[in-house]
1. Just report the Cα centroid separation between segment 171-238 and segment 1-50, whole Å.
2. Can you give the charge dipole size of segment 59-138 about its Cα centre, rounded to the nearest 20 debye, using +1 on the beta carbon of Lys and Arg and -1 on the beta carbon of Asp and Glu?
3. In whole Å, what three semi-axes, largest first, describe the equivalent ellipsoid of segment 87-138 built from its Cα gyration tensor (square root of 5 times each eigenvalue)?
4. May I ask you to derive the FRET efficiency for E211 and E100 from their Cβ-Cβ distance with R0 = 41 Å, giving the value to the nearest 0.05?
5. What order, most packed first, do the peptides 221-230, 170-179 have when packing is the mean number of other Cβ atoms within 10 Å of each residue?
6. Answer with one residue from G139, N225, L108: the one whose Cα lies farthest towards the positive end of the charge dipole of the chain, charges on Cβ with Lys, Arg +1 and Asp, Glu -1.
7. Packing-wise, with mean Cβ within 10 Å as the measure, how do 40-49, 24-33 rank, highest first?
8. Given the C-alpha centroids of segment 137-154 and segment 68-119, what is the distance between them in whole angstrom?
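Quick note: the coordinates plus some simple rules give every number you see, no bench work behind them. What you see is a predicted model; the values in this text were computed from it and never measured. Reconstructed Cβ throughout: ideal geometry from the backbone, glycine too, with neighbour counts over all protein chains shown.
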Amino acid sequence: MGILFLVRHAQASFLEQNYDKLSALGEAQARHLGEYWARRQIVFDRVCAGPCVRQKDTLRLVSNAYSKASLKFPDPLVLPEFDEYQGEAVLEHSLPGLIENDQSIRTLHAAFKSSSDSAGRRATFQKLFEAIIGKWVRGAICPPGVETWLEFCSRVNSGLAKFLAAGSRGERVSIFTSGGPIAVAMQRALQLSPESTLQVSWMSRNSSWSEFLYAAERFTLSGFNSHGHISDPAMLTYR
């Protein structure tokens, strides 16, 4: 049996002009993860990242921690299949029409716009985002030029099949990705509905890892959302 660690990227720059970069807290989370694994002599045969900066930089900081501990960390492969779903594009294309025609979305958007403090903006945006992405997953909205939920799931599953099949029996491998692809892997292991898969995607903490066992067609969940490397509750984040 092989062992797969699926790692969610560390905290990105939420609600900033460029979301796709690690925050200072995110950089610390990634360093802690690398140090934690290195102390426990957790070594990998192969590693991979999605194409996002936040995914690749999380991997890079983990790799740096291994180097400082004089442990080998494999050169990473980057696969576009482990990119996150196009949430920003769904929001951009769908929000204007939903504000005009959907009272619930209009109310959530108004709450977000009226929030002044950082915590309030994060909370109200998350509620708005979850509501719109839920419509996208159910197929109630299909923005032109944006992959559908089914296309996203197919992309991730194709990436998993490609990466896992390329190695040898009994390997330990890791993929640095985002909450959406991790949820698709959970769906694959547990036969979850689309709605349950989406709910799982909101649960992954930044820099957490989930563990799967695999062999041929077998793909089994062993652990979800592990974050033993973070001892300070203030460092636990979802965004």
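1. Using only Cα atoms to place each centre, the spacing works out to 13 Å.
2. Values: 10 positive and 10 negative charges, 71 e Å.
Here the size comes out at about 340 debye.
3. On the way: eigenvalues 66, 30, 16 Å².
After scaling each eigenvalue by five and taking roots: 18, 12, 9 Å.
4. Numbers: r = 45 Å, r/R0 = 1.09.
It comes out at approximately 0.35.
5. Values: 221-230: 16.0, 170-179: 22.8.
Packing proxy ranking, top to bottom: 170-179, 221-230.
6. Working it through, the farthest residue towards the positive pole turns out to be N225.
7. On the way: 40-49: 16.8, 24-33: 20.6.
Taking the mean over residues of other Cβ atoms within 10 Å, the ranking is 24-33, 40-49.
8. For segment 137-154 versus segment 68-119, the Cα centre distance is 15 Å.
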